[in-house]
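Inspection log for the structure reproduced underneath, given as structure tokens.
The values are calculated or read from the model by the stated rules, or taken from the named source; none is laboratory data. The model shown is predicted, which means the values in this text are computed figures rather than measured ones. All Cβ positions, even for glycine, are placed from backbone atoms using ideal geometry, and neighbour counts span all protein chains on display. Accessible surface areas use protein heavy atoms only, side chains included; no ligands, DNA or RNA. Shrake-Rupley method; radii C 1.70, N 1.55, O 1.52, S 1.80 Å.
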Amino acid sequence: IANNIEQLHALPEAIPITAYLSNNTGSMRAQVDIREDIVQGLENSAYVRDLDLTVRLKAGLDEVDPDNWNTLNLFLCGINRIGAAGGIDEASIVWNTGRDASLFAGTANLCVVSRQLFEQNGWQLGEKIRLCQYYYYRGGRQNKELFMAPLEDVTYEIAGYADLITDRRENDGLTPPDILVPFGSVRASHQRQGIRFVAHSASFTVNDPLHLNDFKQEMKALGLHSLTPLSTTVSCDGDVLNVNDSVFISTATRLRQLIDTAKAFYPVLLALIVCVGYLVTLLLLQSRRQEMALLRSIGLNRRRCFFLFFREQFLLTVCGVLAGSLAAVLLHGNYGASSALTACTVGICYIAGNCLALWRLLKVSVMEALVRTQ
């Protein structure tokens with residue numbers, strides 16, 4: 001039982017449950033519109049860890065000429081942690097002194113630029129650049145066409161650079177970004193300008209898979225619902241929760257069944273131990289009935305006689321329990337409190353059988369016992 005419970009508790013690390021948001025048919029997950037209240041709910045949830053959020057923007061350096069869209073030639077990606085950058089490692093980024101990937105969790109105007117852009121413009125680490133940011137929007141829930149509108153001009157400090165194209169290990173079908181900026185910074189820009197904010201992708205790991213039903217109820221309360229792959233209406237809203245939990249559920253169900261089965265047999269096993277204690281004591285002391293009768297005949301009452309023989313059996317039981325516990329620890333490992341509880345339970349049940357056998361042996365009359373032993 002303890003071994004299976006230990007495996008069950010270790011299961012979330014062995015088989016993590018991942019989840020992501022998509023549109024209603026599951027055909028889009030990298031460029032969907034995720035409402036800000038859903039983003040906030042995911043950030044606040046105790047069941048969500050390693051949350052990866054992204055928001056994509058277009059930008060121009062210094063200024064954008066509306067008559068010349070070639071000046072709007074940079075792709076920006078707002079991320080809340082380095083894991084959301086498509087598999088780019090923190091170690092592959094050349095950082096300015098005192099900077100690291102934790103900047104993406106904040107709202108400071110810091111950025112990581114591509115190596116090509118860094119070398120092409122002759123920038124230096126710590127240098128400040130002005131970006132004219134444009135945000136994406138759609139004409140409706142079912143409109144896949146993206147439009148752009150001015151968001152805010154922001155001056156960013158270059159905190160590092162990396163090969164953002166070569167180092168990407170995830171192919172999401174989107175153009176690799178030229179610049180990475182903090183997710184919170186982009187969100188703050190929307191709020192300052194009074195523009196509706198949407199994230200464009202969200203994925204995470206379920207923090208407490210053993211309470212999967214509670215997690216799903218909380219996600220349902222956020223407004224997330226199940227996949228409808230056969231729907232004739234394709235939406236661009238990212239309000240569908242996809243949870244990769246089939247392997248975890250099947251494994252956890254099997255372990256729980258094993259635990260329940262073992263627990264169901266546990267009372268039977270304890271009753272069997274009582275019977276073993278009864279039979280062993282009966283056989284061991286059968287030849288000492290004359291001794292019992294003699295003790296009774298010299299005036300020793302039944303209670304004192306019982307405790308005299310019980311003390312012997314108790315010492316034998318304690319030694320047996322300790323030896324058995326040591327063997328169990330050596331063979332199966334130590335389960336701490338479970339091992340101690342099992343040893344005590346086995347000892348108590350065995351002693352209960354001892355007591356029953358002793359009481360039966362002592363119920364025989366003294367004269368009868370002396371006659372039978374002659």
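The accessible-area ordering, largest first, of the residues 297, 203 stands as 297, 203, per a 1.4 angstrom probe.
Between residue 1 and residue 137, the distance separating the two model label sites (each 7 Å from Cα on the Cα→Cβ line) works out to 6.2 nm.
For the stretch 104-221, a simple Cβ point-charge model (Lys and Arg +1, Asp and Glu -1, everything else neutral) yields a dipole of about 460 debye relative to the Cα centre.
Volume of the convex hull of the stretch 236-361 (Cα atoms only), normalised per residue: 144 Å³.
For the stretch 202-281, the spread of Cα coordinates along the three principal axes comes to 76, 24, 18 Å, biggest extent given first. Ranked from largest, the principal axis spans of the Cα set of the chain equal 124, 52, 33 Å. Taken over the stretch 49-198, the percentage of Cα pairs per 5 Å bin, counting from 0 up to the bin with the maximum distance, is 2, 9, 20, 23, 22, 15, 7, 2, 1, 0. Given +1 at the Cβ of Lys and Arg, -1 at the Cβ of Asp and Glu and no other charges, the dipole of the chain around its Cα centre is 3260 debye to the nearest 20.
The Cα trace of the stretch 75-145 gives Rg and Dmax of 14.9, 46 Å, the first to one decimal, the second as a whole number. In the chain, helical runs assigned H by DSSP with n ≥ 4 each contribute -39500 (n - 2.57); averaged across all residues and rounded to the nearest 500, the mean residue ellipticity at 222 nm is -14500 deg cm²/dmol.
Using a 7 Å offset from the Cα along the Cα-to-Cβ direction at both residue 326 and residue 195, what is the distance between the two label points in nm, to one decimal? Taking the two extended label points, one gets 7.5 nm.
Counting protein heavy atoms only, the chain has 56 percent of its accessible area on carbon and sulfur, 1.4 angstrom probe. Residues of the stretch 102-116 with the amide nitrogen closer than 20 Å to a label point 7 Å from the Cα of residue 40, along Cα-to-Cβ, please. Correct set: 105-108. With all protein chains kept in place, the per residue accessible area of the chain amounts to 54 square angstrom at a probe of 1.4 angstrom. Mean projected area of the convex hull spanned by the Cα atoms of the stretch 37-115, taken over all viewing directions: 7.3 nm².
For the chain, the residue among 45, 317, 64 whose Cα projects farthest onto the positive side of the dipole built from Cβ charges is 317.
Modelled label positions at residue 249 and residue 282, each set 7 Å beyond Cα in the direction of Cβ, lie 5.2 nm from each other. In plain terms, the chain from residue 266 to residue 359 could stretch by 30.9 nm, reckoned as 0.36 nm per residue minus the Cα-Cα distance.
Straight-line cross-link reach from residue 263 at under 19 Å between alpha-carbon atoms covers these aspartates and glutamates, not counting any fewer than eight positions away in the same chain: 6. Computed extension gain for residue 312 through residue 18, at 0.36 nm per residue and net of the alpha carbon distance, reaches 99.9 nm. Listed by chain and number, the lysines placed with their C-alpha closer than 20 angstrom to that of residue 128 are 58; residues fewer than eight positions away on the same chain are left out.
Partners of residue 216 within straight-line reach, counting aspartates and glutamates whose Cα lies under 20 Å from its Cα and excluding those fewer than 8 residues away in the same chain: 13, 36, 37, 43, 50, 52, 208, 237, 239, 245. If you plug the beta carbon distance of residue 149 and residue 27 into 1/(1 + (r/R0)^6) with R0 = 25 Å, you get a FRET efficiency near 0.45.
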